[in-house]
Amino acid sequence: MPEFPDVTVYIEALSERVLNQPIQKIRIGSPFVVRSFDPAIGAAEGKRVLGLPRLGKRIVFALEDDLFLIVHLMIAGRFHWKPKGAKIARKYGQAAFDFPDGTLLLTEAGTKKRASIYLVHGEGPLREHDPGGLEVFDASLDQFREALTRENHTLKRSLTDPHLFSGIGNAYSDEILH
């Protein structure tokens, strides 16, 4: 499952390839991956990628005209950089984002298709996608303690709750507890 370190690596790799580049075309392989309708997903076409912030475990493509393309990979979602115009795989392909120098494919190998793409306009709707968890690397020991003890959960459940801690999921909570 992509979590904080994995999402950070994705953002670094994507920055080299798509930052300041326009999304020339968005092709959808599965209509269920797109979870928003206003603005329409096609509104992102032709817009340059101005930034790639992280929002919890979500990757945000900050676009021109105050548009934000939010991708949540969930458990089995992955990005693949392919030559321009690459086909969307029938079984696993969810979407393709065509850029001048290549195509970013979104695939999901699991049987439960949970990955999602949202397109929102403005900072307000973007903030609605933030679960609000504490950024662990920016937190003091007191802030961490407060978040950890805020709810009556097991330690593992607290660590994996995105409303308490940002970017920690099942795999890294296991590593922390080990």
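The values are calculated or read from the model by the stated rules, or taken from the named source; none is laboratory data. Worth saying up front: this structure is predicted, and the values here are computed from it rather than measured. Positions of Cβ are generated from backbone atoms using ideal geometry, with glycine treated the same way; all protein chains shown enter the neighbour counts. All accessible areas refer to the heavy atoms of the entire protein, side chains included, with ligands and DNA or RNA removed. Shrake-Rupley method; radii C 1.70, N 1.55, O 1.52, S 1.80 Å.
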Subject >> Proximal lysines relative to residue 47, as straight alpha-carbon distance under 24 Å, when same-chain residues fewer than 8 apart are discounted >> reply: 25, 57, 82, 84, 87
Subject >> Student exercise, segment 47-178 dipole from Lys, Arg, Asp, Glu Cβ charges, in Debye to nearest 20 >> reply: 880
Original post:
Of the accessible area of the chain, with the probe set at 1.4 angstrom, what percent is carbon plus sulfur?
Top reply: 53
Original post:
In square angstrom, what is the accessible area per residue of the chain with a 1.4 angstrom probe?
Top reply: 54
Subject >> From the coordinates shown, Cα extents along the principal axes in Å corresponds to which of [x] 41, 37, 30; [y] 48, 34, 29; [z] 59, 38, 38 >> reply: [y]
Original post:
Based on the alpha carbon coordinates of segment 73-178, what radius of gyration and maximum Cα-Cα distance (Dmax) apply, in Å?
Top reply: 17.7, 50
Original post:
Quick one: how many Å² of residue 6 are accessible to a 1.4 Å probe, rounded to 10?
Top reply: 60
Subject >> Candidate residues 148, 67: accessible-area rank, largest first, probe 1.4 Å >> reply: 148, 67
Original post:
Pick from 119, 155, 105: which is most flexible by mean-square fluctuation in a GNM of the chain where alpha carbon atoms under 10 Å apart are linked?
Top reply: 155
